[in-house]
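A.B. asks: The structure is given below, and queries will be raised subsequently.
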Amino acid sequence: QSECRVCSAGMETNSDGTSCEECKSGKYSDGVRVKFCWECAVGKHSLNSSATSCESCEKPMTTIGEGSIRCDACEIGYYFMDDTCTVCPEHADCPGGTFLPIPNEGYWSDPSKPAHIYPCVRPTCKGGSKLNKNGDIITTRHPECWQQLANMSTDKTTDNSIESTDDLIKSTEYCSTDTLLCDDGATGMLCGECKEGYAYSTSAQMCEVCEGGSIRATQITTAVVVVVMAVSVVVYWAGWAELLLPERWRGISVEDVVNVGTIRTVWSNFQILSSIPDAMGVNFPEPAASFYAAISDITSLSPLNLVSAACFDRSFASYETYVITTSLLFVIVCMMIWISYCMEVGLYPPSEEEALRLKNEVLTKHMWAFLFITYLCYPSLSRIQFEALDCSVEVDGEWYLRRDTTISCSSDSYGLFQATVIFFVIITQCIPLIYLGVLIPHVKSKLNATAVAGSAPARLRYRRRLENTPELSPLKFLFLHYKCEYWSYEVYDAYRRVFFISLLPLITDPDHRITTGCFVSFASCLGFMNMKPFLTESTNTVGTIGGCIIWLSYYSAQLIRNQTGSSEDTSFGVVLLTANLSIIGGAVIFGWLDHKKQAMNAKTIEKLHAQLAEKSKTIAKRYKTAWAAYTKHAHDHGFDVATLMASLTAIVDHVKQQMGDAGPDELNQPKVADDLEVLISTMKGFNEKMHETMSKFVKKLGGVYRQGPLKSADRILAKAQSDYGNDFKKVLDVIRASAVFHSFEDLYNAIEALTQPGCKITVVRFKDRVTHGLASGYRDCLMNVKINGFDGWIVELQLHLHDIIELKDEGHKIYEMLRVAGWEGDEVEDAELGENTMRNLSISELEAGAEE
């Protein structure tokens, strides 16, 4: 048996123990009589053979394991590249060893340039690792790939390097950048584009398969909606809608059944809500996420997105093509509306009165279409265009478009694209200014006529008298549902939607973006609660709910962003969904209550009208009794009733003589009364002194003077419209009063006094309703008079018998109740059920029939 050999330092025995050989690289032996070489410990290495010791790596370098020929790894917190350990970049995890920096959730990197970690710009970019609330790593996507890349980049035994890490990434699909950092279907820098066969969905915030069920379902739904809308427009414009409805529903408009103001409030708030996930870059938990995606598809109104145009033509995947095409479609639709208007107006003769009426109807119809389209599309179109100018993504010193990172903002093609987009931006941002421009000329005279009408209810009544005039009828879409003082609220709401949908996403820092959204949405909600701009309280309530839900959604996004709330917490998603649905629930419930209230008012008015008619029959009998009593009183006191009748005939003749060829219908206020504001302000100025003069005259004759209220602007307007062809000069009863007498003799003395020379009051129109009373039996004298010293302005003075006017006042009690319930009229004798009341009654009857 042979004796085992003992080798010197740096040597070891061979396999059969017959001779000594050098220790290989990565091993050492440190003394005499050595039989085997030992591997260098972790953190040490030996490059040369025959090593008697291992060299320690200079921190933070270390080795992958034992027996290393060089320092080929790093400690935790560093990454190894180009034979050097570098401090782990911010927003990445460096497990040490040969791992490259692994971007945290929401960040992206190019593994060939691991020192640069970039924030994701859309949810298709996932990052390499997921963190918990404390910032600790929970999971890493394909961790073996991050180590494999480093291991394969340098051969530890041969020291032969592969050309580049980038080539390595491309060489294996499993460990590609897309697999490690991007969502399914996403690719490219920052995962900012979709692979062929995929299309980006703004609502779902992901690249969806073109042949998938979601995109196909959206395309089919869009096609159906477009066809239904096209048919509806044709039916409406052709005037066939009335013919298709059952006869009992004809004459009842949409607004009689549905509060359009509430629907618009719901739409505006849902437009903002649907933009939050994509604009804030936050994934909400289910089922809220699906709800936001669904309403985004409805409210975005982007035809290319709705049909996923990139699936049909790959060029639409480029944001440049998408923006230009969408903007052109909008401009073309608007142009077609006005070209259609010009063609339709050209069919009518230029001067005929009926032709002018029809032209106004055509203008109203086309203006409504234009305002409706711009109302729907303005916020979304603004966002598309603003995002085309947002070059806030910097990668390796190069700036890229945030919405499409395949577009370099320093390229020549982008310069031309940018100029085109700015042109479209100018056109689009003129929309609210157009709203403002068409409304401003009518503010003081019609929309919010403070100087003319005074109080808020009076201004509203006045505006309603003018809503169907040629000036305001085409613009009703902009102001119809708002209080007079908020005539420009549509302009404010347009800018509000654009701020949240289009401008807020331009803030590059996500935390600042969400914080700003929380603050502004809260301020906007408080402002709306304070203003209450809508006419109906139910719409204001729905708007307040919507504003609060918008704030809640931004606050929820902030919680998810800060990881205080989880994007995977289903219960959190259910709470958000319930809150959002409360907007629809509120609209339905409060709208139904408002509708019921209107129907009840209509029934109340109908009931009071019937009571007034019945009361009038009773009062008619009492009028005759009162007249008989006055006749008896005159006889008992030796006054001949014929004398009163003769004086009435005489004053009528006296007035005719004074007026000469000018008949009573040619009476006018001074010319300046053409201006309603001048008419009202002048009468306000004369009111006190005119009443003082007439009061002295009446009291001197033993009568009782009753000062009437100054006629309101809406009543002046109503009378001018219905009786005088909008000629305000012919309204002669702005100032009005009554003189009440207790006997025929007193009434006779008053009439005689009015015809005496030197009387300060000149009668210019006299209507004798004493000799021949009304069918109801009511009797009085109506006069229009001029008073010396008041520049020819005309007022009304009525002469009454006490007992008869008292009976009329009994009817006035029901008349006032009618006014409180919503009826608008001037005199008891004019009390008729209005058009709105009749429509509400019809709807109530139809609902009652349906319930039966």
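A.B. asks: Rank-order 579-589, 119-129 by packing density, defined as the average count of other C-beta atoms within 10 Å over each peptide's residues, highest first. Walk me through the numbers before you get to the answer.
C.D. replies: On the way: 579-589: 17.2, 119-129: 22.5.
Listed from highest to lowest mean packing, they are 119-129, 579-589.
A.B. asks: Can you give the percent of C-alpha pairs in region 424-504 whose distance is more than 15 Å? Kindly include the intermediate steps, with their values, before the conclusion.
C.D. replies: On the way: 1865 of 3240 pairs.
Percent of Cα pairs beyond 15 Å in region 424-504: 58.
A.B. asks: Given Cβ point charges of +1 (Lys, Arg) and -1 (Asp, Glu) and nothing else, what value in debye, to the nearest 20, does the dipole of region 467-589 about its Cα centre take? List each step's numbers first, then the result.
C.D. replies: Numbers: 7 positive and 10 negative charges, 8 e Å.
Here region 467-589 has a charge dipole of around 40 debye.
A.B. asks: Hull surface divided by four, with the convex hull built on the Cα atoms of region 595-754: how many nm²? List each step's numbers first, then the result.
C.D. replies: Numbers: hull surface 53.8 nm².
It is 13.4 nm².
A.B. asks: Further question on the same structure: When the Debye formula is applied to the Cα atoms of region 346-461, each taken as the same point scatterer, what base-10 log of I(q)/I(0) results at q = 0.11, 0.20 Å⁻¹?
C.D. replies: -0.65, -1.10
A.B. asks: When all alpha-carbon pairs of region 504-605 are counted, what percent fall beyond 22 Å?
C.D. replies: On the way: 2324 of 5151 pairs.
Every Cα pair in region 504-605 considered, those over 22 Å come to 45 percent.
A.B. asks: Name the residue from A279, V307, S340 whose Cα lies farthest towards the positive end of the charge dipole of region 258-403, charges +1 on Cβ of Lys and Arg and -1 on Cβ of Asp and Glu.
C.D. replies: Ranked along the dipole, the leading option is S340.
A.B. asks: Please list 523-529, 491-497 highest first by mean number of surrounding beta-carbon atoms within 10 Å per residue.
C.D. replies: Working: 523-529: 16.1, 491-497: 19.7.
Ranked by mean Cβ neighbours within 10 Å, highest first: 491-497, 523-529.
A.B. asks: Charges only on Cβ, +1 for Lys and Arg, -1 for Asp and Glu: so what's the dipole of region 683-722 about the Cα centre, in debye to the nearest 20?
C.D. replies: Numbers: 9 positive and 3 negative charges, 25 e Å.
The calculation lands at about 120 debye.
A.B. asks: Give me the Kirkwood hydrodynamic radius of region 254-321 in Å, from all C-alpha pairs, to one decimal place? Intermediate values should be presented prior to the final figure.
C.D. replies: Details: mean 1/r = 0.0713 Å⁻¹.
Hydrodynamic radius (Kirkwood, Cα pairs) of region 254-321 is 14.0 Å.
A.B. asks: Highest first, please rank the peptides 422-433, 438-449 by the mean number of other Cβ atoms sitting within 10 Å of their residues. Don't skip to the end; give the middle numbers.
C.D. replies: Numbers: 422-433: 15.8, 438-449: 18.3.
Final packing ranking: 438-449, 422-433.
A.B. asks: On to the next question. Would you mind working out the magnitude of the charge dipole of region 573-632 relative to its Cα centre, with +1 at each Lys and Arg C-beta and -1 at each Asp and Glu C-beta, to the nearest 20 Debye?
C.D. replies: Values: 10 positive and 3 negative charges, 149 e Å.
Rounded to the nearest 20 debye, it is 720 debye.
Any read-out appearing in this document is the output of simple, stated calculations on the displayed coordinates, not a laboratory observation. All values derive from a computational prediction rather than experimental measurement. Note: ideal-geometry Cβ built from the backbone for every residue, glycine included; neighbour counts use all protein chains shown.
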